[in-house]
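Worksheet: one structure, shown below.
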Amino acid sequence: MINMELWFLFPIGVVIAILAMSSGISGSNFWIPVYMIWLDIETKVGFWLALLTMLFGFGSGVWKNFRAGTINWYLVKQYLKVCVPASAAGALLSAYAPQEFLLFTFATFVIGYGSFLLFRFFRPSASMHRTHDKIYWWVAAIAGFLKGLIATGLGKLLFPCYLDHKRIHTPAEAVGTTVFIVFIVNVFALVSRMNASLVETLMANQTFILSIMLWVAPSVVLGGQIGPMIAQKLPKHYLRAYVGGLLILVGGLIFYRIYG
């Protein structure tokens, strides 16, 4: 069952899980270019596999953050009320969207948001460090919908909403809260994406997919334990620049997949 030619997925998986867990954004951002560019997997299958892979890494990260006490349960409860149904709606609509549209939307979103984070890093505003007690319902709806549609957008949009919330005391707590919310919403997005066409494709390629997961699953579990420790050492301001640079890289890789 183990395909030794796919051994490189193990070190890649460890690195991706560390990047995802330390920044609080979904690991699907990094797995989508790996699956579609490196392994040349069909777009909609690649999105689904990215969501599946994320469950292992973020599941490990959730346990690590739970033990460290870096999950704010009040914010989790508030944002899940909107994010879960929105993600299901986006996932159902993804079955009818053209593959090129999904890739283009994904790449445009991550590059745009990454650029915004870098801009805020180099041109900080006076208000960026003011605390608040707001719950951004409309952001939660958009973020959840994008998670279901293009397997990303949730963590990147929610993270700034409560990074300066009065109930968040450290950047590590903001990351831990994001990791838990993304994990739960990801489960609903993964299930909602299942349809007859996708199931047929998965069954036809089940041996190859299983070979991939045998390398990927243990790697992201390992990386998921390391990432939260890195998040605790990153200052809040530099965390934005760190995430922004990663997203621009990912978006560039996807545009290469479309037009390269």
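The values are calculated or read from the model by the stated rules, or taken from the named source; none is laboratory data. Values in this document were obtained by computation on a predicted structure and should not be read as measured data. Here the Cβ positions follow ideal geometry from the backbone for every residue, glycine too, while neighbour counts run over all protein chains shown.
Tabulated results
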| item | result |
| --- | --- |
| Pair list, Cβ under 6 Å, 6 or more apart: region 179-192 residue polar (S, T, N, Q), other residue surrounded by fewer than 19 Cβ atoms within 10 Å (Cβ to Cβ) | SER192/LEU92 |
| Residues satisfying the stated conditions in region 244-260, i.e. farther than 14 Å from ILE16 by Cβ and hydrophobic (A, V, I, L, M, F, W, C) | ILE248, ILE254, PHE255, ILE258 |
| Members of region 1-36 that are β-branched (Val, Ile, Thr) and within 18 Å of the chain's Cα centre (by Cα) | ILE12, VAL14, VAL15, ILE16, ILE18, ILE25, ILE32, VAL34 |
| Qualifying positions in region 91-111 - under 17 Å from VAL250 (Cβ atoms) and either of a type in the set (A, V, I, L, M, F, W, C) or without any contact (Cβ under 8 Å) to a residue 24 or more places away in the chain (or both) | LEU102, LEU103, PHE104, PHE106, ALA107, PHE109, VAL110, ILE111 |
| Test: ILE18 is surrounded by 24 or more Cβ atoms within 10 Å (Cβ to Cβ), of a type outside the set (Gly, Ala, Ser), over 18 Å from GLY59 (Cβ atoms) and modelled with pLDDT of 80 or more | no |
| Residue ranges of helices (runs of 4 or more DSSP H) in region 50-167 with at least 2 members of a type in the set (Val, Ile, Thr) and either at pLDDT 90 or above or at positive phi (or both) | 73-94, 99-122, 137-150 |
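One line per residue, one yes/no per condition, for (1) modelled with pLDDT under 85; (2) of a type in the set (Asp, Glu); (3) surrounded by 22 or more Cβ atoms within 10 Å (Cβ to Cβ):
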residue: TRP215; (1), (2), (3): no, no, no
residue: MET229; (1), (2), (3): yes, no, no
residue: PRO235; (1), (2), (3): yes, no, no
residue: GLY251; (1), (2), (3): no, no, yes
residue: ARG257; (1), (2), (3): yes, no, no
